[in-house]
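FYI, it's all coordinate maths here, none of it is from the lab. From a predicted model like this one, the values you see are computed outputs, not experimental measurements. For neighbour counting, all protein chains shown are included, and Cβ atoms are generated from backbone atoms with ideal geometry for every residue, glycine included.
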Amino acid sequence: MHKFRQKYIGDRAFYKRYLLLAIPMIIQNAITNLVSFLDNIMVGQLGTEQMSGVAIVNQLIFVYNLAIFGAVSAASIFGAQYFGKGNHKGHMYSFRFKLYAALLVTGIAMLLFITNGSNLISLYLTDTAGNGATDQALSYGKEYLAIVMTGLIPFAVNQAYATNIKETGQTFVPMMASFAAVGSNAVLDFLLIFGIGPIPKMGVAGAALATVISRYIEAVIVIVWAHKNREKNRYLEGAYKGIGMPVDEFKAILIKGLPLMLNEVLWAAGMTTVTQCYSVRGLDVIAGLNIATTITNLFNIVYLQLGACISIVVGQYLGAGDLEEAKDADNKMIVFSVFCCALMALLMLIIGRFFPAIYNTTDEIKALATDFIAVSALIMPFCSFSHASYFTLRSGGKTLVTFLFDSVFTWVIVVPVAFLLAKYTGLGIVAVYFLVQATELIKVVIGYCMVRSNVWLVQMV
């Protein structure tokens with residue numbers, strides 16, 4: 001028992017350091033997701049077709065968001081290690097790389113949405129009822145996408161700045177900027193969707209406009225603060241005095257980063273493909289999944305951010321060459337992450353069933369959503385472990401391994417299982433959903449073996 005405690009349970013100072021890093025990130029993401037949550041509920045009051053149209057576009061934006069996350073994550077692995085080593089110039093080059101990569105991804109995404117937006121939305125619409133509801137959902141989706149696209153550029157630039165700020169251990173400012181964005185989004189949602197006083201009722205367009213304005217507010221706060229506090233953000237010294245970066249550094253980030261970015265894009269595309277597989281069972285399934293995913297995202301924040309913190313803490317130890325400390329911290333953080341997630345899953349199981357009643361939709365959709373929420377809660381602790389394993393491998397730069405572990409797994413196992421079960425079996429959609437989610441257990445076993453092998457204990461800078 002003593003050996004178990006020593007290996008997997010840290011002292012008070014350890015958890016204090018970990019939580020000081022994690023809590024602002026958890027709160028920031030909780031607030032961000034809370035806005036999506038409120039946004040979703042408000043749009044849900046307009047009707048099933050409006051809710052489904054917006055939900056489908058948000059699936060597409062989700063792929064874009066993760067492409068941005070992938071684009072900046074590659075440089076973040078180096079950024080955390082450069083900062084740990086005190087190399088501010090290296091940190092500046094990693095920032096430059098993020099900025100270029102994020103803007104390139106945004107340009108490609110906007111081009112794709114402008115030329116193929118309607119076709120992409122239609123992929124998720126199967127008219128099983130024959131009442132024209134899918135045509136209405138398509139119309140609302142197109143309206144929402146046309147406006148929400150204009151908020152992609154500030155989002156991209158903000159991610160480049162905010163991730164660099166977090167690598168210096170300052171998680172408070174990006175959190176406060178998120179608070180401001182979220183607060184303005186919630187207020188604007190209410191005013192613009194329903195039309196209060198002199199403001200006209202804009203419905204779906206109002207929800208999109210509120211999101212765009214809040215994106216600009218968040219970006220302005222982060223960028224202005226970073227440039228006004230140069231002593232805390234040394235990576236900004238000379239960041240705009242040139243455009244290039246050393247070929248070796250560029251190649252190193254690109255070689256490590258390409259699998260990471262491809263991974264995020266392919267994983268997100270895989271997840272949206274799974275949703276598309278479910279959508280062949282009709283618009284009710286899309287609506288039910290949308291409700292369930294909204295609350296699940298809120299509860300997933302804890303393990304997602306604890307996982308992200310693993311890569312920062314372990315990355316700093318690896319950058320300083322403290323390999324044993326990195327291994328010790330990693331063991332304790334994984335156990336803590338799974339423990340916290342089990343508590344969150346229990347809480348979600350208890351309160352999740354009351355949530356679908358808030359929506360202005362049919363009883364069938366509410367019943368489906370309740371079942372989907374229960375399944376997600378049961379699988380959540382397993383997701384926590386595989387997520388922590390993923391970030392452990394990533395902190396040591398094992399991006400090819402994480403690529404196989406994450407997106408290749410999604411496309412080789414998860415997508416075919418969803419496709420075959422949804423299209424070619426008579427199983428109910430909830431049983432299909434459970435079996436698809438249960439593929440996470442295979443990842444748990446692979447993740448455990450990879451972390452135990454210590455292949456990730458590498459100092460890269």
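Past 31 Å, Cα to Cα: identify those pairs from Lys256/Lys443; Lys3/Lys256; Lys98/Lys228; Lys16/Lys228; Lys166/Lys366; Lys89/Lys256, in the order given. Over 31 Å Cα-Cα: Lys3/Lys256; Lys166/Lys366. Taking every DSSP helix (H) stretch of at least 4 residues in the chain, weighting each as -39,500 (n - 2.57) and dividing the sum by the residue count yields a mean residue ellipticity at 222 nm of -27500 deg cm²/dmol. Rounded to the nearest 20 debye, the dipole size of segment 305-394 about its Cα centre is 160 debye, using +1 on the Cβ of Lys and Arg and -1 on the Cβ of Asp and Glu.
Taking the number of Cβ atoms within 10 Å of each Cβ as an exposure proxy, the fewest-first ranking of Ser52, Ser36, Ser73, Ser453 is Ser453, Ser36, Ser73, Ser52. When you restrict to C-alpha pairs under 8 Å that are six or more residues apart and normalise by the size of the chain, the relative contact order lands at 22 percent.
Positive-end ranking of Met51, Cys277, Leu258 along the dipole of segment 2-452, with charges on Cβ about the Cα centre, is headed by Leu258.
From the Cα gyration tensor of segment 6-95, with a ≥ b ≥ c the square roots of its eigenvalues, which class applies: rounded if a/c is under 1.5, or else prolate if a/b is larger than b/c, or else oblate? It is oblate, given that a/c is not under 1.5 and a/b is not larger than b/c. Between 0 and 90 degrees, the angle of helix 88-122 with respect to the longest Cα principal axis of the chain falls at about 20 degrees. This model, with +1 at the C-beta of Lys and Arg and -1 at the C-beta of Asp and Glu, gives the chain a dipole about its Cα centre of some 1320 debye.
Against the main long axis of the alpha-carbon atoms of the chain, helix 440-452 sits at an angle near 0°. Counting neighbouring Cβ atoms within 10 Å and putting the fewest first, the residues Tyr15, Tyr140 line up as Tyr15, Tyr140. Rounded, prolate or oblate: pick one for segment 121-189, where a ≥ b ≥ c are the square roots of the eigenvalues of its C-alpha gyration tensor, a/c under 1.5 means rounded, and failing that, prolate if a/b is larger than b/c, else oblate. Prolate shape, in that a/c is at least 1.5 and a/b is the bigger ratio.
Each of Val335, Val445, Ala181 was placed along the dipole of the chain (beta-carbon charges, centred on the mean Cα), and the one lying farthest toward the positive end is Val335.
Footprinting exposure proxy ranking of Cys309, Cys277, Cys340, fewest other C-beta atoms within 10 angstrom first, gives Cys340, Cys277, Cys309.
Compared with the dominant principal axis of the Cα atoms in the chain, helix 323-351 is inclined by about 20°. Between the listed residues Thr163, Phe403, Thr361, the Cα displaced farthest toward the positive end of the dipole of the chain, a dipole computed from Cβ unit charges relative to the Cα centre, is found at Thr163. Once you order the gyration tensor axes a ≥ b ≥ c over the Cα atoms, which shape class does segment 210-258 get: rounded for a/c under 1.5, otherwise prolate or oblate by comparing a/b with b/c? Judged from the Cα gyration tensor, segment 210-258 comes out oblate (a/c at least 1.5, b/c at or above a/b).
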